[in-house]
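Below you'll find the structure, written out as structure tokens, and then a few comments.
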Amino acid sequence: MKQILGVFSAFVFIIIAGTVCGAFIFNLYAQCTGYVAGTTVPLVSMPMFQTGILYALPFSILFSPLFLTLYLIRHPSKMPAVIVFYVLETIACFIFLPFSVKALDFSDGIIREKKAVSTGYFRKSGNYLCFYTLVDEHSEADSGKTDERSSAGHSVKVSGVRFRLDESSVDSKKIEIFENVSESLIKKEDFQDFDASQKKNYGGELFADSLAAEVLTPPLLLKGFQEILMMPVFIAEKFESLADYLALVSMGLALIFVYPLKNFSRWKLGSTLCAILSSLFVLSVNALNYRYSDLWPAASAVLQKIPLPFPLIFYLNIFFCLVFAVVALIVFFRRRGELS
Amino acid sequence: MKRGKIVTFVCIVFLLLVCFVWSYFYGHLPELLPHSVSYFKFLRGMSAFLKIFPAVLCTAFLVDFSVFFGRNDENSTQRFSAQMFVHYKKIVVTSLFYVFMMSMATLVFLPKVSRAIAYVQRQPDLFAMYFAMAKENKEQGRDLLAYRLMQLAAQINPNSAEVQTLKTKYEIESEHIVDSEALVEIPVEKIPFDEEISSSANCLELLQKAKKAFSEERWLDAHYYASMAVRIANPRDISRSDAEKTAAEAWRKISEIKYSGDFELASVFNRKMEGYNAYIRADYLESYYIFNELKILQRNPDPDVKRYLELSRKNLEKQYFFFDECEDLQRYETVSNLYFVIKHEDKSCEVYFAKGVTDLKKQGNLVRFLRDFSVTYFDGSGTFVKQLSVPYAKMLSVDSSFFNRSQREKWSLDNSETLQGFKYVPYILLSSVNRESNVGISKPAYKYATGREADAEESSYLVVPMNFADFGKIAEASNGAENMDLFSLMSFVRIASKYGYSTEVFNMILQEKILYPLSLLLLLLLFANMAWNYRISGNSLFKFKWTLFIPFFVPLVILFMQTTFFVIRQLCLVITYHAGAEFSLLLAISVEILFLVMLSVLFLSRKE
């Protein structure tokens with residue numbers, strides 16, 4: 001009974017703590033992407049926090065099988081507790097997860113509020129260093145030009161000076177003064193000499209201010225992990241048919257089947273490593289299905305485009321379940337053989 | 001525990017080996033100059049090692065304590081047992097040592113290595129630029145400039161035979177240049193700069209010097225001091241008429257030499273008088289070249305030539321610098337793309353930019369050379385006014401009390417809030433000349449807003465209304481906040497927004513660096529908890545095949561550390577944004593100490 005209660009309490013704690021932490025981190029991220037030097041934003045925004053809860057809930061449900069497995073590695077339990085684990089996780093992945101993903105449709109999608117750029121600060125933009133001395137948020141758009149609109153619905157005209165940062169020998173390009181020019185046109189010109197890999201690695205579009213983008217663009221490994229964290233959002237974008245539902249719950253099932261690997265090694269740390277790597281592997285492969293990856297373009301293309309009765313990822317997830325089960329059985333029988 | 005330390009040592013050595021093997025044999029090489037390839041490979045291997053080192057050390061910590069706790073988990077049947085306190089002490093001691101090693105690697109050695117790599121990678125671009133510009137200037141007939149540029153290219157790439165050949169060719173061709181272009185641009189000063197004339201000298205003092213020189217038959221000096229005495233005398237000064245008489249008498253003596261009949265002596269004398277007259281009317285450039293020419297012609301230059309050449313040079317260097325001072329500078333540039341803004345009370349501003357900065361120590365003073373230097377002026381409404389740009393500018397530190405009232409008003413030395421309480425300001429020379437021969441002045445180019453006329457007299461120098469010491473901090477900040485060391489960050493954060501930098505961003509980086517050791521300690525405590533939870537069983541032997549898990553742990557630990565520090569960085573930015581730079585550090589430290597206490601309590605409450 002104590003073990004059953006322990007599993008149940010651990011599950012509830014994981015879901016609640018994961019959701020609250022996720023919402024907090026989401027708010028942090030939203031504040032950082034919305035940062036513009038010289039302006040202010042409110043510390044706490046209820047709509048932002050509510051959006052954070054909605055984003056974090058499916059994430060914590062997806063990771064709950066892994067964390068509960070780690071709990072059970074630490075606290076080896078008898079069969080009733082294990083059954084409770086399977087029941088809880090099955091309900092979570094087959095019922096709660098789809099609902100929480102669907103609930104993302106109800107969020108207003110506010111990641112950050114767009115703000116105009118401010119004056120008086122140096123900003124690196126592409127191959128240029130820009131300094132704005134005048135920002136006019138209320139000017140009319142030039143006819144015939146498509147300008148990026150701020151949230152106020154007006155184009156932003158800027159004046160200032162920009163300096164070429166690389167060693168260009170063309171004198172006319174080294175320093176340029178601009179007056180009353182559209183900000184989006186300036187930015188387009190700043191990046192026109194960027195080569196393909198530079199454009200790919202630039203994460204500044206997410207940020208309102210390039211000053212924050214310079215110091216808050218995540219490293220490569222973390223970028224890949226971000227794709228996993230953002231997966232519920234990508235799933236919600238095309239979650240309509242039975243096939244989508246089956247793809248989602250099959251991923252949940254594959255994550256549940258990581259549990260049998262908890263006895264992979266007699267050294268608990270080794271088993272922990274095995275469980276974490278297996279879960280991350282399942283999540284990474286599934287992320288390729290929902291979002292095109294620059295790191296693995298061929299894999300993304302195969303997963304997304306091969307025509308089958310059900311999505312290819314559904315079959316892959318079932319395959320992962322079988323592999324994990326077989327490995328667990330092999331380990332089990334080897335241990336029994338050693339004991340006898 | 002000893003075996004664990006051996007495992008840690010082996011992991012580190014293995015990492016070092018892997019990093020250098022990768023760098024030397026497998027890593028893709030960017031475009032580099034041939035002589036820099038080996039050095040670059042070494043730096044790259046070192047950089048990879050320093051980046052991965054913290055993750056490997058944390059993994060070794062985790063594995064080591066997982067095994068140690070497995071062997072020593074008796075007497076831990078209750079929470080907060082004495083055995084757990086003993087383990088905690090061991091963890092803290094080991095953690096502090098590991099934190100020290102990781103902090104040194106990440107905060108001290110890695111930035112130095114990164115800077116060196118950046119410089120080596122820039123070399124091909126710089127070389128190509130100087131080579132192309134040298135050829136371009138040669139085609140346009142600017143032989144001396146072409147030679148200087150080719151010389152710079154040769155210094156960056158000494159192994160290129162083509163460049164060395166061209167350099168020699170340009171050197172020979174540039175020595176035959178004679179240019180008789182008239183020179184202008186003479187700032188008028190009442191008294192030339194002369195160490196023998198104190199700033200508080202009056203007419204009587206200078207008259208006494210003139211009489212002393214007269215008695216020693218130094219006619220030129222006598223005339224010089226007497227002329228200066230007349231220049232600074234008040235109309236009612238009783239010594240003024242005496243000074244005029246002394247000057248006239250000294251001139252008569254000088255004229256006797258002129259008409260002595262010795263042709264050679266007379267021609268040298270005439271030239272000397274031309275130089276002296278140029279000096280007296282404050283045309284220091286002309287007087288410098290004349291006395292320099294006389295020095296070269298005379299095998300033993302007479303004292304007058306030496307003295308007035310030196311005086312001319314000192315006064316000249318207040319207005320211009322020499323082309324050859326820019327030799328070797330590109331190679332020793334310490335800063336690229338330096339930028340800052342000076343904001344005035346009327347909301348007008350000046351935007352300063354230099355492509356490269358080289359620091360030199362000359363006679364105990366710091367001199368800075370600014371490559372591709374420009375200043376862009378905007379008025380109070382943010383509209384462009386004018387811009388000046390120059391290939392090279394020379395910056396010195398000058399005592400702000402040196403300037404008179406009109407100069408202080410012109411350069412806004414009294415109005416600027418950045419200058420209050422500071423003594424030394426940057427003094428930037430914009431025009432340069434050749435040291436040996438008169439080939440013209442290199443002056444700044446001006447660009448004006450449409451409809452605005454060029455100013456009648458544009459100065460050959462600038463005084464920037466800021467503390468000279470701030471310039472050094474800005475130079476470091478231009479390289480990026482992440483490349484600054486702790487002390488530079490601490491002093492720069494307070495002045496960042498004055499010069500167009502974001503206080504929040506720099507404060508965020510500062511906090512992250514200050515909190516880095518504490519954050520590592522938190523991570524290690526977390527790993528200690530994991531090590532206890534997933535320790536090896538008491539009665540099982542550690543199998544060799546389990547060491548195969550270790551390489552798989554490292555990427556996971558890297559990911560975990562990157563995620564943790566990324567969240568900490570965002571937290572630092574948000575705290576700074578809302579709490580301000582003054583309180584944010586205290587708040588961040590408080591949060592981390594809270595987590596430290598929580599993790600410590602969590603560990604001590606562990607039981608079997």
| remark: Here FRET efficiency (C-beta to C-beta, A:Asp136 to A:Lys78, R₀ 51 Å, nearest 0.05) is 0.10
| field | Nitroxide proxy distance, nm - points 7 Å out along Cα→Cβ at B:Arg252 and B:Ala161 | value | 7.3 nm
| note | For peptide A:211-218, the mean count of other chain Cβ atoms within 10 Å per residue Cβ is 5
| field | Check: region B:478-608 dipole with +1 on Lys, Arg Cβ and -1 on Asp, Glu Cβ, in debye | value | 500 debye
| So how much slack lies between B:Lys314 and B:Ile589, counting 0.36 nm per residue of separation and subtracting their Cα-Cα distance, in nm? | 93.6 nm
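Ratio of alpha-carbon Rg to the 2.2 N^0.38 Å globular estimate for region B:544-593, to two decimals, please.
Dividing the Cα radius of gyration by 2.2 N^0.38 Å gives 1.73.
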| note | Residues A:Glu338, B:Glu512, B:Glu293 in order from fewest to most other beta-carbon atoms within 10 Å are A:Glu338, B:Glu293, B:Glu512
| request: Take the alpha carbon atoms of region A:37-93, find their center, do the same for region B:52-109, and report the distance between the two centers in whole angstrom. | output: 29 Å
| field | Cα-based convex hull, region B:442-549, per residue volume (Å³, whole number) | value | 236 Å³
| note | With label points set 7 Å from each Cα along the Cα-to-Cβ direction at B:Asn75 and A:Phe333, the distance between them in nm comes to 4.6 nm
| task | Quickly work out the B:Leu29-to-B:Ser605 label distance, labels modelled 7 Å from Cα along the C-beta direction, and quote it in nm with one decimal. | result | 5.8 nm
| query | Between their Cα atoms, which of A:Lys268/B:Lys513; A:Lys124/B:Lys347; B:Lys306/B:Lys423; A:Lys174/B:Lys513; A:Lys262/B:Lys607; B:Lys347/B:Lys410 are more than 28 Å away from each other? | reply | A:Lys268/B:Lys513; B:Lys306/B:Lys423; A:Lys174/B:Lys513
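Given the alpha-carbon gyration tensor of region B:15-102, what are the semi-axes of its equivalent ellipsoid in whole angstrom, ordered largest first, with each equal to the square root of 5 times an eigenvalue?
43, 12, 7
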| Quick one: length gained pulling B:Ser401 to B:Lys447 fully straight, 0.36 nm per residue minus the C-alpha distance? | 13.4 nm
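Beyond 25 Å, what share of the Cα-Cα pairs of region B:463-608 remains, rounded to the nearest whole percent?
Of all Cα-Cα pairs in region B:463-608, 46 percent lie more than 25 Å apart.
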| Taking Rh as the Kirkwood radius computed over C-alpha pairs, what is the Stokes-Einstein D of region B:467-525 at 37 °C in a medium of viscosity 0.692 mPa s, expressed in µm² per second? | 275 µm²/s
| If you take the square roots of the eigenvalues of the alpha-carbon gyration tensor of region B:43-151 and sort them as a ≥ b ≥ c, do you get rounded (a/c under 1.5), prolate (a/b over b/c) or oblate? | prolate
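The numbers here are math on the coordinates, done by the rules we state, and not lab data. All values derive from a computational prediction rather than experimental measurement. All Cβ positions, glycine included, derive from the backbone under ideal geometry; neighbour counts span all protein chains shown.
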